[in-house]
1. Give region 213-247 a look and list any residue that's open to solvent by 60 Å² or more (accessible area, probe 1.4 Å) and touching a strand residue (DSSP E or B) at 6+ places or on another chain (Cβ under 8 Å), or say none.
2. Scan region 227-257 for residues that are among the hydrophobic types (A, V, I, L, M, F, W, C), farther than 17 Å from Asp40 by Cα and free of Cβ contacts under 8 Å to residues at least 12 places away in the same chain and jot them down.
3. Any idea which residue in region 207-222 is farthest from Ile128 (Cα to Cα), counting only those that are part of a strand (DSSP E or B) and in contact with a Phe, Trp or Tyr (Cβ under 7 Å, 6 or more places away or on another chain)?
4. Would you mind telling me which numbered condition in (1) at positive phi; (2) modelled with pLDDT of 95 or more Gly112 fails?
5. Can you find a residue that is open to solvent by 30 Å² or more (accessible area, probe 1.4 Å), in contact (Cβ under 8 Å) with a residue 60 or more places away in the chain, of a type outside the set (D, E, K, R) and part of a loop (DSSP other than H, G, I, E, B) anywhere in region 193-206?
6. Within region 116-145, track down each residue that is polar (S, T, N, Q) and either buried (at least 24 other Cβ atoms within 10 Å of the Cβ) or without any contact (Cβ under 8 Å) to a residue 24 or more places away in the chain (or both).
7. Here's a check for you: in region 298-334, which residue that is in a loop (DSSP other than H, G, I, E, B) and within 15 Å of His271 (Cβ to Cβ) is most open to solvent (accessible area, probe 1.4 Å)?
8. With the condition being touching a Phe, Trp or Tyr at 6+ places or on another chain (Cβ under 7 Å), open to solvent by 10 Å² or more (accessible area, probe 1.4 Å) and modelled with pLDDT under 95, I'd like the strands (runs of 3 or more DSSP E) fully within region 1-79 carrying at least 1 qualifying residues.
Amino acid sequence: MTNRAPAAERAVALHRERWGAPAVVSRAPGRVNLIGEHTDYNDGFVLPMAIEFDTVVVLSRAQRDRAGSDVVSTVVSEQFGEASLDHQRDQIDTTHWSAYVFGVSRLLDGCGIATEPWRCSVATDVPIGASLSSSAALEVAMAAALLHLAGESWDAVATAQICQRVENEVVGMPCGIMDPLICASAVEGHASLIDCRSLDIEPRRLVDGSVIAILDTMTRRELVDSAYADRRAACARAADWLATDALRDAQLDAIERMPADLRTERRRARHVITENERTQAAARAMDSGDADALGALMNASHASLRDDYEVSGPALDAMVGIAQSSPGCRGARMTGGGFAGCAVALVEAEAAEAFTRTVRDRYRAACGLDADIWLSQPAAGASLIGGGE
């Protein structure tokens, strides 16, 4: 994978070309989830790690006009162009990529933290739409930069909660806390077991002699659609029938008593309950350095996501099956919201080159697509990397 320098250099150069010297430069990584999928919004457990791809935000204050009435903020991205927002008059276009940026600013303003007006430049190495949390990386980097510009301190949990609200309230994506929290809090060299109810974060070191392979199927989907919301609603119905606050509290034997007209809800609940068990077992496997046990849990997770939660897809199933049968693979599963995007595999470091070559060749033969494959160790969470106004 690349290091953070290319995105940072591009973002700073873009900003200097448009607006001069930056006041603050911040970064936040993408993430891959090793196990614990669709459990965060059920108050469950997840085990993600940050990856060595960053989004970088470069920020400076806008110059107000002589009357002091300029409240227009502008963002420019090397990939997606430019957008502006008059904070006094404009509504945020929730269908536009800039909603993630302007949403962070507006919610911080709503918390009494004055941020506008500003000028912002963005560059990223996080693949867009690949289930690697490109939106969370942008939100977290933006929040860190704006808080610094306003002279406010920030912490991972509070920042992640603001960024989750951007997804939920501004963009309209009913996602959980996992993505922004790992982007903000990750510890280099470790995945993190996150309790999505208490928001406790427990770093877990990756098993020695292992590397994480991120396998991009080169297929894409839009998460803001009915499929994701339908599954969240099914979980809520299941929890309601089971008389629990969230499926995190449900017992596996209880769901077997659910009536036939709730068979879909039963399958969704079975995935969540067993996935929570697998995620906690995976953390224990990492503690004991048991790569085989961790890999087996990842394999079981994929089967549950495919059969009970029904969020896999043909390309993901093909990629996971190919990875599982390739040299040095301990386990593999889809990662992220599902339907398309990336899979993740636990691979013996010594076999990583052969694994990568084999998966790429077999996937091309099976699907006619050239997969992107990256090898990563766990990266650090968000940080300031320049500036100091």
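The values are calculated or read from the model by the stated rules, or taken from the named source; none is laboratory data. This one's a predicted model, so the numbers in the text were calculated from it and none came from an experiment. Every residue, glycine as well, gets a Cβ built from its backbone with ideal geometry; the counts of neighbours run over all protein chains shown. Heads up: the accessible areas ignore ligands, DNA and RNA and are worked out on the full protein's heavy atoms, side chains in. Shrake-Rupley method; radii C 1.70, N 1.55, O 1.52, S 1.80 Å.
1. Listed by number, the list holds a single entry, Met218.
2. Of everything in region 227-257, just one residue is among the hydrophobic types (A, V, I, L, M, F, W, C), farther than 17 Å from Asp40 by Cα and free of Cβ contacts under 8 Å to residues at least 12 places away in the same chain, namely Ala243.
3. The residue in question is Ala213.
4. (2)
5. No, because not a single residue in region 193-206 is open to solvent by 30 Å² or more (accessible area, probe 1.4 Å), in contact (Cβ under 8 Å) with a residue 60 or more places away in the chain, of a type outside the set (D, E, K, R) and part of a loop (DSSP other than H, G, I, E, B).
6. Correct list: Ser121, Thr124, Ser131, Ser133, Ser135.
7. Glu310
8. Ranges flagged: 45-61.
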